[in-house]
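The values are calculated or read from the model by the stated rules, or taken from the named source; none is laboratory data. Bear in mind the structure is a predicted one, so any value in this text is a computation, not a measurement. For the accessible areas, the whole protein counts, side chains as well, though only heavy atoms, and no ligand, DNA or RNA atoms are used. Shrake-Rupley method; radii C 1.70, N 1.55, O 1.52, S 1.80 Å.
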Amino acid sequence: MSDHHFKRVAEETAEILLVEDNPGDIRLAEEAFKATDTETTLHSITTGDRAVDFLTKQVATESASLPDFALLDLNLPGKNGCEVLEAIRSDPQLKPLPVIVLTSSEAAEDIERCYDAHANAYLTKPKGPDEFEALAKAVEKFWFEQARFPSPLR
């Protein structure tokens, strides 16, 4: 293993891009990530087109930073979630962004298409606040404490 791997320090603020058009699910995600141990900044974007624009602008700035990861719904106005994922993976500057598909779809073809487009994970949306909080804590623990990346994304 390379020495270039990094582990997020718990005191740092996590930047999460949430691409979701349902206001109820946005609220559930915001509350769930407030309950985690990591201080998080959640950037909520409601369309696929705006999500790609946001990321493109992020890497075009002088500091050229990406969020720590993206939570991506599939059913979005404009570009759907899979098209957003394909746009991210086809752009060399956006490609390193970890993308977790978080959707209500359990369809095998959606799961297969997202993994074919190089999603890092595919999760089904929880039904209520308690389940959403448990999912947020599991995501935090895995992505901020256990996962290793080839180089810092910031």
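Rounded, prolate or oblate for the chain? Axes are the square roots of the Cα gyration tensor eigenvalues, ordered a ≥ b ≥ c, and the cut-off for rounded is a/c under 1.5. Rounded shape, in that the Cα axes give a/c under 1.5. Based on Cα contacts under 8 Å between residues 6+ apart, segment 65-154 shows a relative contact order of 30 percent.
Overall, the accessible surface of the chain at a probe of 1.4 angstrom is composed of carbon and sulfur to the extent of 50 percent.
Once backbone amide H atoms are built at 1.01 Å from N, LEU76 has GLY81 as its partners under 5 Å, excluding neighbours fewer than 5 places away on the same chain. The residues of the chain have, on average, 54 Å² of accessible surface per residue, using a 1.4 Å probe with all protein chains present. The value of relative contact order for segment 1-151, using C-alpha pairs under 8 Å at least six residues apart, is 29 percent.
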